[in-house]
Amino acid sequence: MLIRCALLSLLREHADYGYRLKRRFDEAVGPGWQLNVGQVYQSLRSLERAGFVRAVAGGEPASHPRRIFKITPKGLRYLERWAQRPPRAPRPVRDDALVWLLVAPCEQYPALVVRLDQQIVSYDRVLADIPRCDGSAPRIRRLALAGTLLHLEAHLRWLRLCRHVLAGPQTVGARPSHGSAAESQRLTAASS
């Protein structure tokens, strides 16, 4: 639904074809959320079936026709209703680590701590590789990057909490946890 609404919003600005819509979205939002061109075309087909967009003449040469899409009045009404809906509740944690915790018996916790360490290192790398925006970047792009950074930082803290709890005194062969002792104590208290 989010991709459909993003495409409708871009088409509200002006009619366009699929690949250029993908590029416009990627430029506006930044590297935190890059659309797959297949998602764009699948969403456009769905929007067209629902009557929210329609194909218009593209003015392209007949040898390379492109389907140019335009938002319909029905699509505008849908987008406006979607934008006015009440906020949703936060989504629950859905992560590989949570399922690992669910299926791993206690004797496998030391191995799970190693897997969490690997995931933490991977997240640290991703976090370090995200470009930072200066004040001259478009507002939407700055907000999208800030959201991506904050989301990754929060998830990284959660992974560290999982690791700390699993590597606690009840775990045989536990290694010291990542992060400060004060942060670990605060997170452990929050989890009890």
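Show me 153-164, 122-133 ranked by packing, highest mean number of other Cβ atoms within 10 Å first.
Descending mean neighbour count gives 153-164, 122-133.
Compare the peptides 35-48, 95-108, 6-19 by average per-residue count of other Cβ atoms within 10 angstrom and give them in order, highest first.
The peptides rank, most packed first, as 6-19, 35-48, 95-108.
About the Cα centre of region 60-122, how large is the charge dipole given +1 on each Lys and Arg Cβ and -1 on each Asp and Glu Cβ? Please answer in debye to the nearest 20.
800 debye
As an exercise, use a Förster radius of 30 Å and the Cβ-Cβ distance of residue 153 and residue 96 to find the FRET efficiency, rounded to the nearest 0.05.
Once rounded, the FRET efficiency stands at 0.95.
Positive end of the charge dipole of region 1-158 (Lys, Arg +1 and Asp, Glu -1 on Cβ, about the Cα centre): tell me which of 78, 105, 119 has its Cα farthest that way.
Positive-most Cα among the choices belongs to 78.
Using the charge dipole of region 1-57 (Lys, Arg: +1 at Cβ; Asp, Glu: -1 at Cβ; taken about the Cα centre), state which of 5, 50, 36 has its Cα farthest towards the positive end.
Working it through, the farthest residue towards the positive pole turns out to be 50.
With a probe of 1.4 Å, find how much accessible area region 1-58 has per residue, and write the answer as a whole number in Å².
51 Å²
Hey, what did region 73-173 get for relative contact order, percent, Cα under 8 Å, at least 6 apart?
The value is 36 percent.
What does the extension gain come out to for residue 82 and residue 127, with contour length at 0.36 nm per residue minus their alpha carbon separation?
Details: separation 45, 0.36 × 45 = 16.20 nm, distance 3.15 nm.
Answer, rounded to one decimal: 13.1 nm.
For a test of the definition: using alpha carbon positions, the gyration tensor, and the 1.5 limit on a/c, classify region 75-169 as rounded, prolate or oblate.
It comes out oblate by the Cα gyration axes.
Over region 97-138, average the accessible area per residue using a 1.4 Å probe and give it in Å², no decimals.
65 Å²
Compute the signed sum of charges (Lys and Arg +1, Asp and Glu -1) over the other residues within less than 13 Å, Cβ to Cβ, of residue 2.
Working: positive: 4, 85, 88, 91; negative: none.
Within the 13 Å Cβ shell, the charges total +4.
Among residues other than residue 23 whose Cβ falls under 15 Å from its Cβ, what is the net charge (Lys/Arg +1, Asp/Glu -1)?
Summing Lys/Arg as +1 and Asp/Glu as -1 gives +1.
How much of the accessible area of region 48-139, probe 1.4 Å, is carbon plus sulfur, in whole percent?
After summing per-atom areas, the C and S share lands at 57 percent.
Compute for region 33-114: radius of gyration divided by Kirkwood radius, i.e. Rg/Rh, restricted to C-alpha atoms, rounded to two decimals.
Expressed as Rg/Rh, it is 1.28.
The values are calculated or read from the model by the stated rules, or taken from the named source; none is laboratory data. Nothing here was measured: the structure is a model prediction, and the numbers come from that model. All Cβ positions, glycine included, derive from the backbone under ideal geometry; neighbour counts span all protein chains shown. Quick note on the areas: whole protein, heavy atoms, side chains included, nothing else; ligands and nucleic acids left out. Shrake-Rupley method; radii C 1.70, N 1.55, O 1.52, S 1.80 Å.
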